[in-house]
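Written below as structure tokens is the structure these notes are about.
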Amino acid sequence: MSISDGDDLDPITCPVRLYCSQNKTNILELPGFPSSVKLSVTRINYTSQTLEISNPKHCLPELFIKLNYSSFYPFRSIKDSLGPDTSFDDDSLDATNCTFFDCSSSVPPNIPRTRIAYEVRDRLSCPILMASDDDDIMESNLVFCKKLTRHVLPVSACYTSWGPLYLEWSEKTFNNGCFLACKVSNKGAKLYESIFLPLTGAAFLAAILGVLYLIYSYYRNKGEDQRRVETFLKDYIALNPTRFSYADIKRITMKFKDKLGEGAHGAVYKGKLSNQILVAVKILNTTEGDGKEFINEVGTMAKIHHVNVVRLLGYCADGSHRALVYHFFPKGNLESFIAPSDNESFLGWNQLHQIALGIAKGIEYLHQGCDQRILHFDINPRNVLLDESFTPKISDFGLAKLCSKNRSTVSMTAARGTLGYMAPEVFSRNFGNVSYKSDIYSYGMLLLEMVGGRKNTNASEENFQVLYPNWIHSLLEGDDTYIPIEDDGDFRNAKKLAIVGLWCIQWHPVHRPSMKSVVQMLEAEGEDKLKVPPNPFESAAAIGSSAVIPARCLNLELEVIPEID
Ligand SMILES: Nc1ncnc2c1ncn2[C@@H]1O[C@H](COP(=O)(O)OP(=O)(O)OP(=O)(O)O)[C@@H](O)[C@H]1O
């Protein structure tokens with residue numbers, strides 16, 4: 001769009017010209033006598049190829065008085081925007097003799113309802129009127145007006161007193177360089193241009209920006225995923241845990257979509273580091289503080305690398321958010337395999353024996369294999385996870401305590417662990433000092449449950465309530481028939497687990513074996529050489545001769561004696 005006053009268009013080559021004025025209105029300038037006439041173009045319709053002409057003063061005759069028929073060339077006057085009066089080829093039908101009257105000093109008393117009459121009504125604002133040869137001068141009361149001049153005009157022009165006038169153009173008209181239109185200032189176009197166009201433009205821009213943002217965030221996320229996996233792999237090879245931001249954790253767990261379960265310290269979610277690396281993310285219950293302690297603890301746990309201990313792959317300490325990232329183990333925890341609801345999930349005695357041995361080796365490593373002795377304090381079947389090949393992995397170090405290897409006992413201000421697996425001395429110091437032997441007790445209970453769990457599935461309600469250790473003793477003496485023993489191998493494995501379990505749950509910590517001895521016992525050929533220990537609950541069993549209290553409940557029966565240190 002170019003803005004001009006029309007002077008840059010040569011009047012010789014462009015006798016009729018259209019240009020965009022300084023106030024951005026299209027002006028159609030027509031050659032007239034004694035000077036050219038400037039008409040306002042209120043609308044340009046490029047589809048129907050029409051112009052709408054009006055005079056801001058609503059008095060076109062004032063302007064038309066200077067024009068004649070040829071002034072309009074190459075335009076044709078039409079009735080309205082819908083179509084021409086006549087075809088382009090028949091000029092004679094489009095022209096008429098048009099007489100101009102000055103009616104400024106005459107207002108007739110009775111105005112008939114004719115076209116001219118309406119024009120008369122507007123005399124005050126537009127005192128010049130036009131009439132064609134076809135108009136009845138009498139009827140239109142023009143007899144009271146002063147006749148000015150008469151010349152040929154397009155028919156429609158002569159019938160238009162206050163506008164608008166419609167002009168039509170042919171194809172080539174706008175291609176001769178004399179027509180440099182700007183925007184047309186009609187209301188619709190204004191609306192279109194001021195609201196719709198900007199809106200569509202904005203929507204289009206927003207859509208483009210949206211698409212660009214999606215592409216950007218896709219590649220950024222992809223880049224971030226890539227970066228995270230690369231950092232992880234580097235850390236993994238260097239045996240270090242990766243530190244993740246909370247945003248990373250959200251992405252890894254797909255906004256905590258798949259919950260695996262919930263423990264005492266927080267919920268566990270399944271996640272993905274990449275398509276190949278599946279993880280379980282434990283979101284610890286909201287904590288306060290700067291997380292230094294947590295990072296120290298994580299740092300120690302990060303050094304634990306054993307095939308039977310869950311390896312910490314990463315952690316998050318971001319504001320008050322704390323999370324731990326582990327490998328994902330599809331078989332879940334050992335609990336569901338110890339007392340499965342259907343016999344088909346029974347892993348077999350050989351497999352159970354292997355699992356028991358794996359757990360023992362994991363605990364032995366924690367007790368002896370690290371710089372510092374690590375006491376777990378929460379060994380139980382739920383904290384043993386199984387990988388695809390049923391290799392056990394000790395998990396959940398939330399209650400673990402680090403202590404110097406040359407200290408045989410540790411101080412604890414509160415009982416910790418899971419009832420039923422908790423050693424008596426952890427429950428109350430009156431039973432002795434807390435030490436690594438407390439983990440041995442928990443492990444012993446786990447072994448007995450592995451053996452006894454089989455009985456639970458086959459037993460009646462009455463048999464279910466048999467005191468484990470007593471029942472295990474009966475088993476060892478050959479009095480029990482509930483255990484699903486199919487061959488000698490089965491019997492030997494079950495018996496071995498039972499004997500080792502009984503040793504581990506000895507009442508007094510000093511009577512319990514170390515994990516090293518446990519591993520040796522489990523690996524030793526033949527269970528015959530293993531001595532059956534005294535029944536640790538003999539006195540309790542004697543008191544309740546009906547022996548209907550399960551071992552787990554027995555712990556609950558213990559009198560709680562407050563801690564002294
Ligand atoms: N790495 C993992 N792979 C697969 N499942 C897991 C993993 N870690 C934990 N889970 C599952 O998530 C659930 C919750 O585990 P979590 O260790 O928090 O609780 P818990 O051991 O059941 O209870 P608590 O923490 O009180 O001892 C359990 O069902 C557990 O089997």
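The values are calculated or read from the model by the stated rules, or taken from the named source; none is laboratory data. The model shown is predicted, which means the values in this text are computed figures rather than measured ones. Cβ sites come from the backbone with ideal geometry, for glycine too, and all protein chains shown count toward neighbours.
In table form, for the structure just shown:
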{"read-out": "Residue match in segment 395-409 (condition: modelled with pLDDT of 80 or more and among the aliphatic types (A, V, I, L, M))", "value": "no"}
{"read-out": "Residue ID - modelled with the highest pLDDT, chosen from residues in segment 367-380 that are more than 16 Å from the ligand (Cβ to nearest atom) and outside any loop (DSSP other than H, G, I, E, B)", "value": "His367"}
{"read-out": "Residue in segment 210-226 that is closer than 22 Å to Arg322 by Cα, touching a strand residue (DSSP E or B) at 6+ places or on another chain (Cβ under 7 Å) and part of a helix (DSSP H, G or I) present", "value": "no"}
{"read-out": "Gly369 vs. criteria closer than 26 Å to Lys496 by Cβ, of a type outside the set (S, T, N, Q) and surrounded by fewer than 22 Cβ atoms within 10 Å (Cβ to Cβ)", "value": "yes"}
{"read-out": "Search result, residues across segment 38-68 that are small (Gly, Ala, Ser) and either crowded, with 16+ Cβ neighbours inside 10 Å or in contact with a helix residue (DSSP H, G or I) (Cβ under 8 Å, 6 or more places away or on another chain) (or both)", "value": "Ser40, Ser54"}
{"read-out": "Members of segment 279-333 that are at pLDDT 85 or above and either of a type in the set (S, T, N, Q) or assigned to a loop (DSSP other than H, G, I, E, B) (or both)", "value": "His305, His306, Val307, Asn308, Val310, Arg311, Phe328, Phe329, Pro330, Lys331, Gly332, Asn333"}
{"read-out": "Members of segment 503-517 found to be of a type in the set (A, V, I, L, M) and within 53 Å of the chain's Cα centre (by Cα), listed by number", "value": "Ile505, Met515"}
{"read-out": "Pairs, first at positive phi in segment 264-285, second more than 9 Å from the ligand (Cβ to nearest atom) and assigned to a loop (DSSP other than H, G, I, E, B), C-beta under 8 Å, six or more apart", "value": "Gly266/Asn285"}
{"read-out": "The one condition in (1) within 25 Å of Asn333 (Cα to Cα); (2) in contact with a strand residue (DSSP E or B) (Cβ under 8 Å, 6 or more places away or on another chain); (3) not hydroxyl-bearing (Ser, Thr, Tyr) that Arg243 fails to fulfil", "value": "(1)"}
{"read-out": "Test set (1) surrounded by fewer than 17 Cβ atoms within 10 Å (Cβ to Cβ); (2) at pLDDT 80 or above; (3) under 21 Å from Ser395 (Cβ atoms) - Leu239 fails condition number", "value": "(2)"}
